[in-house]
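So the structure is just underneath, and the comments pick up after that.
The values are calculated or read from the model by the stated rules, or taken from the named source; none is laboratory data. Since this is a predicted model, take the numbers as computed values, not measurements. Heads up, the Cβs are rebuilt from the backbone with ideal geometry, glycines too, and the neighbour counts pull from every protein chain shown. Side chains are part of the model used for accessible areas, which takes the heavy atoms of the whole protein and leaves out ligands, DNA and RNA. Shrake-Rupley method; radii C 1.70, N 1.55, O 1.52, S 1.80 Å.
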Number of protein chains: 2
Amino acid sequence: MRNRAGLETRQKILDATRSLLSERGLEGTTVKAVCDRASVRAGSFYNLFDSKEQVVMAVMREAIQAVDPDPEGTGDVGVGDLIEAYISYLGNDPALARVYLLVAINGSLTDEDTARRIARHHADRTDRFVAAMRHDRPELAATEIVARVEALLAALNGYTMQALLDPSFDFAAHARRLLTMEPAGDGA
Amino acid sequence: MRNRAGLETRQKILDATRSLLSERGLEGTTVKAVCDRASVRAGSFYNLFDSKEQVVMAVMREAIQAVDPDPEGTGDVGVGDLIEAYISYLGNDPALARVYLLVAINGSLTDEDTARRIARHHADRTDRFVAAMRHDRPELAATEIVARVEALLAALNGYTMQALLDPSFDFAAHARRLLTMEPAGDGA
DNA sequence: CGCTTTCTTGAGCATTCACTCTAATTTGAA
DNA sequence: TTCAAATTAGAGTGAATGCTCAAGAAAGCG
C-alpha cells in the first residue's frame, strides 16, 4: 500500500468539507476553513484535489448517493419503506441532507453539470417511488401513480427544507403522515 | 422633491440586485456586478445603501411580501384562491421566488435575523391557508386542517424548488392538482 | 541502509471582494 | 443667477479568497 497516508488525509478533508457545508453553507466553506478543520495545510489539500469545487462536488455525490439508501434489486419495497429509509437517513446524518439541498439550489444556478446531476437523481428517485407505489396499489392507473408520487416527493422535499430551516421541526411525524394522504378524485 | 435622482438610482440598484440574485445566486451577486448592471459606480451604491447585505435584505423583504399577495381583511378566500395567487405570482415574477428560496436556505444558516424572518413568514402563511381551508371545509377539526395545510404548503414549496431547478417544469398544473388531494383517513 | 515515490509544509501569488474617500457634477430652491 | 445640498465618479484600501510552488519530511521498497 503506497498511498495510505494520502487516503486518510483525503477522508479528513471530505469530512471537514461535509460538516462545514452543513453548518455554514457554500459561502462559509472556504479552503482555509476546510484545511483548518481537517488539520491540514493548503498544499496537502491541492495535492489531493484540483480545486475547491472538486471537493464540494465529491461531497455532493456522496449526498445524492445517501439520499435514498439503495435497495438494489429488491422488488417488494413499498412507499412506506422508502419513506422510513429517508426518515432514518435524515435523522442519522442531517448534514448530508442539508448539503444536498444547498448544493442543488446554489450549484444548479451556476454549474450546468450539477443541474443535470440533480435532475437525473430526481428522475431516478421518482422511478423508485413509482415502482414502490405500483407494488402497493397495483389497481391504480400509471398516470395516477406518477401524479401521486410527484406530490409525495414534493411534500417530502418541502418538509426537508423546513427541517433544514427549523431544527425543532418534527420531520418524521410529518413525513409519515404523507402516507395516509391520497387524491379525493374530485376535490372541494 | 430634493432626491428624485437618488430614488431612481436606488430602484435601478434594487432591480439589478433582484435579477442577479435570481440568475447567479448569492455568491454571483457582487457589488461590482450589481453596479455594472445598474450602470452606477460604487460610490453611488454606498451613498444609498450601507452594505451589500442591506440591499439583499431589501430584495428579500420584497420577495417575502410578494410570495402571497395580501388579501388583507378579505374573509371569503378559499385555498384555491391562494394557490391561484401563488401560481400567477410565480409565473409573473419567477426571479422573486428564486430569491426567496435562495436567501432562505443560505441566509438562515449564517444570519439569525433572516432565519427568524423566514420562520415568521412561514407561520403567517400557514395561518392564512388554515383560515382559507376553514372557509372551504368548516366541518373539519382544527388539527386536521392544520395537518392538511402543512402538507399542502410543503408540496407547494417542493414544487417551487423543482420549478427553480427545472424551468420546463409545469408548476401551475402540479400546484392545481394539490387542491384535489386530501387524507384518506386510513392509508394503504 | 540507500533511493524513489508520496506526502506535507507554509510562505506567497494574483485576483477579487466589500467598502472608503475626495473631488467633481448635477439638482432644485431662492 | 447663485448657492448649498444631494448625488455621482472612480481611483484606491485592506482583507480574504482560491491556488501555486519549491523544499523538505516521511514512507515503503530493494
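What dipole magnitude, in Debye to the nearest 20, does chain A give about its Cα centre under +1 on Lys/Arg Cβ and -1 on Asp/Glu Cβ?
900 debye
To the nearest Å, what is the center-to-center distance of the stretch B:4-70 and the stretch A:148-176, using C-alpha atoms only?
Using only Cα atoms, the two centres lie 32 Å from each other.
In vacuum, with every alpha carbon of the stretch A:68-149 counted as one equal point scatterer, what does the Debye formula give for log10 I(q)/I(0) at q = 0.11, 0.13, 0.17 Å⁻¹? Two decimals, please.
-0.37, -0.50, -0.80
Which whole-number percentage describes the relative contact order of the stretch A:56-188, with Cα contacts under 8 Å and a sequence gap of 6 or more? Walk me through the numbers before you get to the answer.
Working: 87 pairs, mean separation 35.5, N = 133.
For the stretch A:56-188, the relative contact order is 27 percent.
What are the nm distances, shortest first, from residue B:139 to its equivalents in the other copies, labels at 7 Å along Cα→Cβ?
Going from nearest to farthest copy, the values are 2.3 nm.
List the distances, in nm and shortest first, from the label point of residue B:53 to the matching label points in every other copy, placing each point 7 Å from Cα along the Cα-to-Cβ direction.
Reported distances to equivalent positions: 2.9 nm.
How large is the charge dipole for the protein assembly as shown, taken about the Cα centre, if only the Cβ atoms of Lys, Arg (+1) and Asp, Glu (-1) carry charge, to the nearest 20 debye? Mind showing how you got there, number by number?
Working: 44 positive and 56 negative charges, 354 e Å.
With Lys and Arg at +1 and Asp and Glu at -1, about 1700 debye.
Dividing the Cα convex hull volume of chain B by residue count, how many Å³ per residue is that?
150 Å³
Check which residues have an amide H placed less than 5 Å from residue B:181's amide H, if you skip close sequence neighbours.
Distant-sequence amide H within range of residue B:181: A:184.
In the structure shown, do any of A:12/B:52; A:32/B:12; A:32/B:52 have a Cα-Cα gap over 29 Å, and if so which?
Too far apart for the 29 Å limit: A:12/B:52; A:32/B:12.
In nm, give the distance between the simple-model label positions of residue B:92 and residue B:76, each being 7 Å from the Cα along the Cα-to-Cβ direction.
For the pair residue B:92/residue B:76, the computed spacing is 2.3 nm.
In square angstrom, rounded to the nearest 10, how much accessible surface does residue B:32 have for a 1.4 Å probe?
Here the accessible area works out near 140 Å².
Taking the Cα atoms of the protein assembly as shown, report the difference between the largest and smallest coordinate on each principal axis, in whole Å and largest first.
For the protein assembly as shown, the Cα extents along the three principal axes come out at 77, 59, 34 Å.
Taking 37 °C and 0.692 mPa s as the conditions, I'd like the Stokes-Einstein D for the stretch B:1-49 in µm²/s, using the Kirkwood hydrodynamic radius from alpha carbon pairs. Mind showing how you got there, number by number?
Numbers: Rh = 10.8 Å.
For these conditions, the coefficient is 303 µm²/s.
If the label for residue A:80 sits 7 angstrom from Cα along the Cα-to-Cβ line, what are its distances to the same label in every other copy, in nm to one decimal, shortest first?
3.5
I need two numbers for the stretch B:7-104: Rg to one decimal and Dmax as a whole number, Cα atoms only, in Å.
Looking at the stretch B:7-104, its Cα Rg and Dmax stand at 15.3, 49 Å.
Any chance you could run the full-extension gain for residue A:144 through residue A:46? It's 0.36 nm times the residue separation minus the Cα-Cα distance, nm to one decimal.
30.2 nm
Taking beta carbons within 10 Å but only from partner chains, what does the mean come to for residues B:174-181?
Average neighbour count from other chains, rounded to a whole number: 5.
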